[in-house]
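The values are calculated or read from the model by the stated rules, or taken from the named source; none is laboratory data. Being a predicted model, the structure only gives us computed values, none of them experimental. Please note: Cβ atoms are built from the backbone with ideal geometry, for glycine as well, and neighbour counts cover all protein chains shown. Note: accessible area is taken over every heavy atom of the protein model, side chains too, but ligands, DNA and RNA are not part of it. Shrake-Rupley method; radii C 1.70, N 1.55, O 1.52, S 1.80 Å.
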Amino acid sequence: MENVVAIDGPGGAGKSTIARLLAQKLNYLHLDTGAMYRAVTLAALREDIDFNQQEKLIELARKIDISFDQKGEILLDGENVSEEIRKAEVNKHVSQTAAVKGVRDVLVKKQQQLAQNNKVVMDGRDITTVVLPEADHKFFLTASLEERARRRYQEVRSKNKDADFEKIKESIARRDKMDSEREHSPLKKAEDAVLVDTINLSIDEVLAKMIEIIEGEVQ
């Protein structure tokens, strides 16, 4: 699949930041698929849906309109919810939403349609394995749990919000476990994805490495 870059990896590995900047450099559209699951979660919270009621979550995923603007900001029924989907209550429930096969089926279809109609950099947890296995360029970004928790802690603190490092670390570890052990589309590295450990690399260094690989494959 030409003109498509697929990126997977655990929370806090820098996927969304790298994907957004890579899309800018390539003049592609950035699609953060994790944000789509967060949007469904936010919609469920707004409608007071029990996260154990899977059929209602699936029905909701079908009903709502999720799209992206040219900046990669996510829209829920036309409303920009890029900030709201990052709140603690959404963090608490998003893994439950993402574990529901019917929800994944609905969103995967939307993701594939977006990739067919645009030049995209798409990041998530099952992009290289399930959503876009035929993508020309596939990457798996990772870093240690400690490093990923440190980054998330600094991100929260940079917004002048209170943060507890140990709680953030526990939350990321719990998400890692749920994502890698879930029955449907678990987080794992595709055999042909390039592994990029970001722990000792700056954002610019990660970008340079990925662009070098992409341009090398294109030539």
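Remarks
- Checking each residue in region 160-170 for being surrounded by fewer than 17 Cβ atoms within 10 Å (Cβ to Cβ), of a type in the set (Lys, Arg) and under 22 Å from Tyr37 (Cβ atoms) picks out only Lys167.
Here is a yes/no grid of residues against (1) under 22 Å from Gly11 (Cα atoms); (2) of a type outside the set (S, T, N, Q); (3) in contact with a helix residue (DSSP H, G or I) (Cβ under 6 Å, 6 or more places away or on another chain):
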position: Thr33; (1), (2), (3): yes, no, yes
position: Asn52; (1), (2), (3): no, no, no
position: Ile58; (1), (2), (3): no, yes, yes
position: Asp65; (1), (2), (3): no, yes, no
position: Gln70; (1), (2), (3): no, no, no
position: Ile74; (1), (2), (3): yes, yes, yes
position: Glu79; (1), (2), (3): no, yes, no
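- Matching residues, region 24-37, being surrounded by fewer than 21 Cβ atoms within 10 Å (Cβ to Cβ) and touching a residue at least 12 places away in the same chain (Cβ under 8 Å): Lys25, Leu26, Asn27, Tyr28, Leu29, Gly34
- Residues (touching a residue at least 12 places away in the same chain (Cβ under 8 Å) and exposed (fewer than 13 other Cβ atoms within 10 Å of the Cβ)) located in region 181-198: Glu183, Asp192, Leu195
- Options Ala208, Ala173: the member that is closer than 23 Å to Asp126 by Cβ, modelled with pLDDT of 90 or more, small (Gly, Ala, Ser) and surrounded by 10 or more Cβ atoms within 10 Å (Cβ to Cβ): Ala173
- Checking each residue in region 38-51 for being open to solvent by 10 Å² or more (accessible area, probe 1.4 Å) and either under 19 Å from Ser185 (Cβ atoms) or without any contact (Cβ under 8 Å) to a residue 24 or more places away in the chain (or both) picks out Arg38, Arg46, Glu47, Asp48, Ile49, Asp50, Phe51.
- Candidate set: region 102-131, residues that are touching a Leu at 6+ places or on another chain (Cβ under 8 Å) and open to solvent by 50 Å² or more (accessible area, probe 1.4 Å); chosen: the one farthest from Lys189 (Cα to Cα): Asn118
- Enumeration of residues in region 86-101 that are buried (at least 17 other Cβ atoms within 10 Å of the Cβ) and more than 28 Å from Asp164 (Cβ to Cβ): Val100
- Of all residues assigned to region 147-154, none qualifies as being open to solvent by 10 Å² or more (accessible area, probe 1.4 Å), of a type in the set (Gly, Ala, Ser) and either modelled with pLDDT of 95 or more or closer than 24 Å to Lys87 by Cα (or both).
Yes or no, residue by residue, for (1) within 30 Å of Asp162 (Cα to Cα); (2) in contact with a Gly (Cβ under 8 Å, 6 or more places away or on another chain); (3) in contact (Cβ under 8 Å) with a residue 24 or more places away in the chain:
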{"site": "Lys63", "(1), (2), (3)": "no, no, no"}
{"site": "Gly72", "(1), (2), (3)": "yes, no, yes"}
{"site": "Glu84", "(1), (2), (3)": "yes, no, yes"}
{"site": "Val103", "(1), (2), (3)": "no, no, yes"}
{"site": "Val106", "(1), (2), (3)": "no, no, yes"}
{"site": "Leu114", "(1), (2), (3)": "no, no, yes"}
